[in-house]
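Notes follow once the structure below has been shown.
Throughout, read-outs are computed from the coordinates displayed, never taken from laboratory work. The structure displayed is predicted, hence computed values, not measured ones. Counting neighbours? That spans all protein chains shown, and the Cβs are built from the backbone with ideal geometry, glycine included.
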Amino acid sequence: MTAPLKLSVVMSTYNRRDVLVSRTLPAIFNQDLPADEYEVIVIVDGSTDGTGAALRELRPPCALRIIEQPNRGLSAARNTGIRTARSDLVIFIDDDIICSSDVFRRHVEAHTGPDPVVVHGSIFLAPGTPASILTYANESWYQRYNCRLDLQGGLKWPDETYLISNSSLPRSTLLACGGLDEDLPAKDDFELGLRLWKMGVRFQYLPGAVAYELSVKTSRCFLFNDGEAFGRSEVLLCRKHPDYRPRSELLAGLGRTVWWKRLPRRIVLQFPVSPVHLLTLPIWVCEKLCRFPSMRKVGLRLLGIGRRIAEFRAALKETGSWKAFQSEFGMRLPVLLYHHVGPLRPGTIPWLTVSPGRFERQVRWLALRGYSGIRPSDWVRWRREGKGLPDKPVLLTFDDGYADLAEYALPVLRRYGFGAGVFIVTGQVGGTNAWDEARSSGTHHLLTREQIRYWATQGSEFGAHSRTHADLTTLSAKELAEEVMGSRDDLADLLGSRVASFAHPYGFYSQAVHDCVRGAFDLTFLADEKTPGINHLMTDPHLLQRTMVQTGDTLVDLECRLRWGYSPFQEMRVRLRSHLKHAAHAVVDWGR
């Protein structure tokens with residue numbers, strides 16, 4: 001009687017006959033799982049080195065099926081294997097992977113529960129792999145990767161790199177999710193893992209199921225072939241899974257690049273001939289001398305630089321142009337913070353006020369410089385979809401919702417076609433700034449319900465600023481929820497639509513406040529001048545940075561805030577005033 005088939009081994013191969021026949025398959029045939037309980041499916045994906053003929057000469061102890069097809073890529077070959085597998089449990093093994101003798105048994109034993117699970121073992125560099133710069137790079141990567149998996153107990157989605165080799169899962173689950181994406185030239189394993197994670201499938205780490213990679217790629221293949229494939233795939237992944245965009249290691253930090261690196265990067269990425277070609281000779285020299293630690297270090301550095309350049313150039317090519325590349329991934333958003341725009345009120349805090357004339361000059365100057373005022377929801381949409389922003393976006397925000405905005409600020413913004421974000425203390429709508437009055441400040445009247453509704457139809461977007469402008473870090477969990485969720489619900493009832501953004505009163509927040517606000521809003525704005533900066537794709541949407549426009553800011557100050565998120569001249573003026581004040585006190589004390 002034939003034993004039930006417990007496992008189907010799916011392996012795709014392309015022109016690796018010698019490694020496959022001499023190292024990979026012998027380890028697969030030497031498993032301690034009974035040979036009649038597993039099958040091996042080898043998809044020969046257009047090989048031209050006689051792989052198919054060599055496989056047909058083998059006499060393996062287990063069932064071996066050989067499928068030859070035109071070269072269609074790794075994903076298509078794996079999908080062929082999935083469709084033809086006879087067991088409901090599938091394990092993927094690459095053609096350069098050498099398995100320990102107990103790998104298959106461990107995988108089978110891990111799939112005993114009723115729910116589907118992805119079981120992934122550990123992979124190390126195979127002993128005896130020929131020394132090269134790429135070998136040392138792979139060895140270092142595997143050490144870091146396995147160490148992280150050991151520390152965190154396996155893959156943690158969505159911030160992971162999914163290694164499909166030495167991974168097993170039910171065939172029915174693979175078919176239900178549509179298999180691997182054949183349109184991706186690389187990272188198909190990560191994309192599959194992302195879809196499975198979104199489906200709620202559990203991942204289980206099996207560190208005892210050990211396999212080894214026999215690195216047979218050349219540095220040139222790693223740089224050019226893999227670099228091209230991974231760069232293109234990163235763009236395609238971001239488009240297919242917009243929630244992955246801020247997590248893309250390659251593309252998310254594009255807008256974070258410091259100003260003095262931007263022009264050299266653009267030249268390198270747009271140069272007619274890839275600069276990677278210039279690195280091949282020094283990398284070859286380092287490989288010949290890689291037994292010396294210093295040469296190995298230089299070679300690893302050059303290899304990393306070359307691969308990064310190749311990926312970026314491929315990503316740029318996939319988007320179509322430099323402008324499209326920047327528009328989709330590299331946008332930078334300065335956020336200007338205002339409070340009161342209008343005449344200075346007696347007894348009020350003077351540094352919170354910007355005069356109407358100065359404000360209009362600033363908006364006019366922004367428009368002349370090519371800036372377009374956006375709304376908070378525009379940034380949300382760009383982070384999610386990579387589209388919808390003008391070439392030079394700026395976000396003007398106004399905390400507290402003073403009534404003078406309706407007379408002196410919002411009409412100016414409408415005249416110049418600027419959107420904005422206005423943050424309302426919902427418990428004081430139509431009232432006064434009670435939180436400042438309690439500190440002996442003069443009175444400011446606040447926007448009424450009718451004014452808020454009207455200006456919401458004129459390009460301004462309203463967000464929540466708590467119910468009472470309390471210091472949220474001092475509240476109990478119940479009080480915090482009332483301030484945060486309560487202000488959201490108050491404003492949603494007033495506007496008749498969902499509220500997307502929140503600004504921390506006083507700029508104060510703690511981990512408890514952060515967690516509460518994160519669960520209620522799409523965006524959260526800080527007001528802490530100690531952490532200035534410009535926002536980009538990698539910026540946490542619940543820690544968005546703003547720079548506060550001061551009463552005496554010049555256009556030079558404004559330019560600095562737009563470029564760097566702060567004004568060094570303002571800081572110099574503050575320090576100078578402080579020094580002069582101390583000097584005056586010293587003179588007075590000396591005179592006494």
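Here are the numbers for this structure:
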read-out: Charge dipole magnitude, Cβ of K and R +1, D and E -1 - region 335-576, Cα centre, debye nearest 20; value: 780 debye
read-out: Using θ = phi - 60° and Karplus 6.51 cos²θ - 1.76 cosθ + 1.60, couplings along region 426-431 (whole Hz; Gly, Pro as x); value: 5, x, 10, 4, x, x
read-out: Selected from Ile67, Gly200, Pro26, residue furthest toward positive end of dipole (region 7-216; charges at beta carbon); value: Gly200
read-out: Beta bridges by DSSP in region 335-576, antiparallel share as percent, to the nearest 5; value: 10 percent
read-out: Cβ-Cβ FRET estimate between Asp493 and Arg415, R0 fixed at 35 Å, reported to 0.05; value: 0.70
read-out: Furthest towards positive pole of dipole, Ala512, Met548, Leu558, structure part region 335-576, Cβ charges; value: Leu558
read-out: Long-range HN-HN contacts of Leu64 with modeled amide H, under 5 Å; value: Val40
read-out: For Gly431, residues with placed amide H under 5 Å, excluding near neighbours; value: Leu446
read-out: Dipole magnitude of the chain, debye to nearest 20 (Cβ charges: Lys/Arg +1, Asp/Glu -1, about Cα centre); value: 1880 debye
read-out: Cross-link table Lys187/Lys387; Lys156/Lys392; Lys217/Lys317, entries beyond 30 Å C-alpha to C-alpha; value: Lys156/Lys392
read-out: Loop-resident sites, region 201-268, for GluC sites (Glu not before Pro), counting at most 16 other Cβ within 10 Å (DSSP); value: Glu249
read-out: In Hz, Karplus ³J(HN,Hα) per residue of region 494-508 (6.51, -1.76, 1.60; θ = phi - 60°; x = Gly, Pro); value: 5, 8, x, 8, 5, 9, 9, 10, 9, 10, 5, x, 6, x, 7
read-out: 18 Å Cα-Cα reach of Lys240 towards aspartates and glutamates, excluding residues that sit fewer than 8 places from it in its own chain; value: Asp159, Glu160, Asp181, Glu182, Asp183, Asp188, Asp189, Glu191, Glu249, Glu318, Glu328, Glu385
read-out: Nearest-ten-degree value, helix 188-198 long axis tilted from longest Cα axis of the chain; value: 60 degrees
read-out: Percent of beta bridges antiparallel (DSSP, the chain, rounded to nearest 5); value: 20 percent
read-out: Amide H within-cut-off set for Leu537, under 5 Å, with H built and near neighbours excluded; value: Gly255
read-out: Within region 204-350: Cβ-based charge dipole about Cα centre, in debye rounded to nearest 20 (Lys, Arg +1; Asp, Glu -1); value: 440 debye
read-out: Alpha-carbon centroid distance for the pair region 193-265 / region 363-418, whole angstrom; value: 34 Å
read-out: Whole-Hz couplings from phi, Karplus 6.51/-1.76/1.60, listed for region 165-172; x for Gly and Pro; value: 5, 6, 10, 10, 6, x, 4, 4
read-out: Cα-based helix-to-principal-axis angle, 568-591 vs the chain, degrees rounded to 10; value: 50 degrees
read-out: Dipole axis of region 335-576 (+1 Lys, Arg; -1 Asp, Glu on Cβ), positive-most option in Val335, Gly370, Ala500; value: Gly370
read-out: Within region 313-411, trypsin sites (Lys or Arg not before Pro) in DSSP loop having at most 16 other beta-carbon neighbours inside 10 Å; value: Arg369, Lys387
